[in-house]
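What follows is calculated from the coordinates using simple rules that are stated; it is not laboratory data. Predicted model only: the values in this text are computed from it and were never measured. Ideal geometry is used to build each Cβ from the backbone, glycine not excepted, and the neighbour counts take in all protein chains shown.
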Amino acid sequence: MPKVFIEQMENVGFRVFKIIKREIPSKMLPSTRDKSTGQFTKITDKNLTLVYPTEYILTMEKL
C-alpha cells in the first residue's frame with residue numbers, strides 16, 4: 001500500500017477517492033531479487049523473492 005504517498009498528497013489538500021490494487025502478470029523490469037544480497041537475480045534462482053508483484057492505482061481529488 002502506498003501509505004507514504006497518500007499521506008503526502010493529503011498534506012497538500014487531496015483525498016483518496018479510490019485505490020485499485022492490481023497484480024502485475026508480466027513486465028520488462030527484473031522481477032526477482034536474491035533474499036540474502038538484495039541483487040536482481042534469475043527466475044531460476046532458488047533463493048529469490050518477487051519484486052513489485054502488485055501496483056496501486058490511486059484516484060484522488062483536490063479538496
key: Rounded FRET efficiency, nearest 0.05, which uses the C-beta distance separating Ile20 from Leu63 and R0 of 25 Å   = 0.75
task = Neighbouring Cβ atoms within 10 Å as the yardstick, rank Leu63, Leu58 fewest first.
result = Leu63, Leu58
